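Taking it in order: structure first as structure tokens, then the write-up.
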Amino acid sequence: MHRRAFLESALGVAAAAPAAFADEQAPQSAATTGIRLGYDSWTLNGYGWTAFQYLDYAAEQGLDAVQLSDLPNYASDDPAYLRQVRERAQRLGIQIDGGLGCICPSASNWKKENGDPVAWVRKGLRVNNAVGAKMMRAYLGGRSERSGAIPIEQHIENTMKLLKTVRSEALDLGIKIGIETHGDLQAWELHNLIEEAGKDFVGATIDTGNPVTLGEDPLLTLETLAPYALTTHVRDSCIYEHPRGAVYQWVALGDGSIDFVRFFERFRQLCPHVAVQLEILTGGAPQVLPYLEGDYWRAFPNARASEFARFVALARHGHPFMGTMIVGARGQRPPQYAEAFKQQQRLDLERSFEYARKVLKLGLRA
């Protein structure tokens with residue numbers, strides 16, 4: 001089928017929303033007083049902070065949570081140091097959502113210096129348990145895994161094998177592993193991975209920015225993965241039509257095309273016990289999704305027309321970013337711009353906190 005014909009067909013398919021899922025795990029406090037608001041440490045990666053600084057900043061901002069998304073956030077893996085981190089979080093009343101990083105040994109994102117993948121994940125589980133986290137964010141790979149020499153199915157298989165190997169440790173420590181929607185897997189693919197790996201110890205980190213890089217509506221991502229949600233990465237995106245397909249650009253919360261009022265209406269229905277961790281990654285240039293060209297679809301041989309139709313509708317009603325932003329690709333930014341990019345990280349994150357509280361009514365302390 002020609003791509004334009006496919007789009008016309010897709011737009012004619014009604015995308016039925018799934019039935020509301022029972023929220024068996026929601027604490028009474030979260031259900032009655034609101035949803036925890038925090039941020040992911042990667043948002044402020046330009047600052048080079050460690051765990052204590054991320055926690056203190058969360059307290060300064062009146063937040064309820066923080067996601068320490070990778071082991072370099074800790075100055076040491078010494079048990080005494082990690083106990084101090086845990087005690088600081090408890091004293092400040094900040095929930096820590098844990099993190100690790102890439103865990104698929106065949107993915108391009110895997111760091112060989114991490115050594116044995118199983119030992120690395122087990123270390124992550126121990127560290128995150130020591131600081132009091134109940135979950136650990138991880139991911140398979142990235143967008144390149146969909147078009148590399150190794151098929152995406154093989155990466156999925158390798159990830160599931162690793163997860164099953166560490167199952168007993170995760171269960172013993174009481175930590176679930178939250179696989180992120182990281183520009184590698186569409187929501188239905190991650191849903192299947194979780195089910196097969198074992199939902200008793202594997203869940204989802206629902207990122208709202210990465211799905212758009214795969215032509216997926218973040219609301220669909222939420223509705224598909226909410227039963228497995230352990231934590232989130234929330235940011236906005238400008239999405240709009242382009243002669244080759246569509247364009248996306250990540251922006252601060254409230255600056256983009258995503259209807260987050262509607263999104264969080266569903267969020268409150270489906271997973272109100274999950275913390276909203278803002279991951280505001282501004283400064284990237286607009287990117288084209290050339291889905292009107294045949295080569296694009298080689299990365300998505302099993303694409304679902306009704307799901308893609310929702311993204312096309314999002315692009316048709318979207319708009320480009322018209323505000324102020326310093327833009328530059330990583331690795332190509334002049335060193336003189338470094339301080340400006342660093343300041344932009346904090347400025348856009350704090351603007352997003354304000355939007356989350358005032359417009360979306362998020363945060364227990366608001």
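The residues packed around residue 126, meaning those with a beta-carbon under 11 Å from its beta-carbon, carry a net charge of -1 if Lys and Arg are +1 and Asp and Glu are -1.
Tally Lys/Arg at +1 and Asp/Glu at -1 over every other residue whose Cβ is under 15 Å from the Cβ of residue 106; what's the total? Taking every other residue near residue 106 into account, the sum is -1. Working from label points 7 Å from Cα in the Cα-to-Cβ sense, the residue 354 to residue 49 distance is 1.9 nm. Could you please state, rounded to a whole Å, how far the C-alpha centre of region 126-151 is from the C-alpha centre of region 221-285? First find each Cα centre; the distance between them is then 19 Å. Projecting the Cα atoms of 242, 257, 270 onto the charge dipole of region 229-296 (Cβ charges, centred on the Cα centre) puts 270 farthest toward the positive pole.
By its C-alpha gyration tensor, with a ≥ b ≥ c as the square roots of the eigenvalues, how is region 284-366 shaped: rounded for a/c under 1.5, else prolate for a/b larger than b/c, else oblate? Because a/c hits 1.5 or more and a/b fails to exceed b/c, region 284-366 counts as oblate.
Calculated mean residue ellipticity at 222 nm for the chain: -11500 deg cm²/dmol, from DSSP H runs with n ≥ 4 weighted as -39500 (n - 2.57), summed, divided by the residue count and rounded to 500.
Modelled label positions at residue 78 and residue 365, each set 7 Å beyond Cα in the direction of Cβ, lie 2.9 nm from each other.
Charge dipole of the chain (Cα centre as origin; +1 on each Lys and Arg Cβ, -1 on each Asp and Glu Cβ, all else neutral): 320 debye, rounded to the nearest 20.
Summary: within the chain, the longest segment free of GluC sites (Glu not before Pro) located in DSSP loops with at most 12 other C-beta atoms within 10 Å is 25-292. Label-to-label distance, residue 329 versus residue 92, with points set 7 angstrom from Cα along the beta-carbon direction: 3.6 nm.
Got a sec? Which residues in region 275-311 would a label at residue 338 touch, if it sits 7 Å along Cα→Cβ and we count backbone N under 20 Å? What the label zone holds, given the 20 Å backbone N cut-off, is 282-284. Counting only the Cα atoms, region 137-257 fills a convex hull of 98 Å³ per residue.
Over the chain, Cα pairs under 8 Å with separation of 6+ residues give a relative contact order of 21 percent.
We did not get these values from a lab; they are worked out from the coordinates using the rules stated. Keep in mind it's a predicted model, so treat the numbers as computed, not measured. A quick note on method: Cβ atoms are made from the backbone with ideal geometry, for glycine too, and the neighbour counts reach across all protein chains shown.
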